[in-house]
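One structure is given below, encoded as structure tokens.
Every number here is computed from the coordinates shown, using simple stated rules; none is lab data. Quick caveat: nothing in here was measured; it's all calculated off a predicted structure. Every residue, glycine among them, receives a Cβ derived from its backbone with ideal geometry; neighbour counts consider all protein chains shown.
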Amino acid sequence: MATGRSNYLTKQAGEYLVAAELSRRGYIATTFTGNLPDYDIIALDDCGGHAVVQVKAIAGASWQFTATQFADIVMQGKQQIIRCPRGEPYPNLICVLVQVGPANSGVADRFYVLPWRDLCQTVVDHHTKYLAKHGGIRPRKPESMHVQLHPSEIKNWEGKWDVLKKSVQPVQSQLTP
């Protein structure tokens, strides 16, 4: 089982890997090392436009989430009822989910780049299907909102850095004639 220290190092490595990749792609990337609640990096393009990026990193096989981060869920007895997906915590938020390869292994780091709203829909769909298989009641802990997301569930987003380019917000001076 991963320790708090190894989890922190994975998180930090993921943020720096994303910042490095953004820099390689022509962005100035500023990290906030977990000090902001909704995003980890601001990426600036060559015209001063910016994109806001949230990074989630794993060293293992799946990302761990809480379903209530993505959906309004209520309990009816032991049954979970998913009411609706939540709105973006920050406008045009981009998520980069990183699967960090082990050091000195030759295994490449993998980046999945998607808008937060698509990650939200993926997590909500995953949780909805899981609950449907179990009659709306989680077998071991009915009140648990835990969700695992595997790379195979977001494989179409791997390496999709163009998603970030599309979300860059122009600076005000670019908006006025």
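If both residues of a DSSP beta bridge must be in segment 51-124, then about 65% of such bridges are antiparallel.
Using θ = phi - 60° in the Karplus curve 6.51 cos²θ - 1.76 cosθ + 1.60, the 3J(HN,Hα) couplings for segment 19-26 round to 4, 5, 5, 5, 4, 4, 8, x Hz; x is entered for Gly and Pro. For the residue pairs K56/K78; K11/K141; K133/K155; K11/K155; K78/K133, the alpha carbons lie more than 19 Å apart in K56/K78; K11/K141; K133/K155; K11/K155. When each of the peptides 140-152, 42-54 is scored by how many other beta carbons lie within 10 Å of its residues on average, the order from highest to lowest is 42-54, 140-152. Here the 3J(HN,Hα) profile of segment 131-140, calculated from phi with Karplus coefficients 6.51, -1.76 and 1.60 at θ = phi - 60°, is 5, 4, 5, 10, x, x, 10, 5, x, 8 Hz, Gly and Pro shown as x.
Here the gap between K155 and E88, fully extended at 0.36 nm per residue and compared with their Cα-Cα distance, gives a gain of 21.9 nm. If you take all other residues with their beta carbon under 14 Å from the beta carbon of R117, and give Lys and Arg +1 and Asp and Glu -1, the sum is -2.
Close amide H pairs (under 5 Å, H built 1.01 Å from N) link A57 with V98, residues at least 5 positions away or on another chain.
Annotation: the antiparallel percentage among DSSP beta bridges lying fully within the chain is about 80. Computed from the Cβ-Cβ distance with R0 of 22 Å, the FRET efficiency linking E143 to A61 stands at 0.35.
For segment 24-177, the relative contact order works out to 26 percent when only alpha carbon pairs closer than 8 Å and six or more residues apart are counted. With a cut-off of 14 Å between beta carbons, the residues surrounding S23 carry a summed charge of -2, where Lys and Arg count +1 and Asp and Glu -1. The charge dipole of the chain, taken about its Cα centre with unit charges on the Cβ of Lys, Arg, Asp and Glu (plus for the first two, minus for the last two), comes to roughly 660 debye. The residue among V107, H146, T30 whose Cα reaches farthest toward the positive pole of the charge dipole of the chain, with charges on the beta-carbon of Lys, Arg, Asp and Glu, is H146.
Across segment 116-126, computed HN-Hα scalar couplings (Karplus, 6.51 cos²θ - 1.76 cosθ + 1.60, θ = phi - 60°) run 3, 4, 6, 4, 4, 5, 5, 5, 5, 4, 4 Hz from first to last residue, x flagging Gly and Pro.
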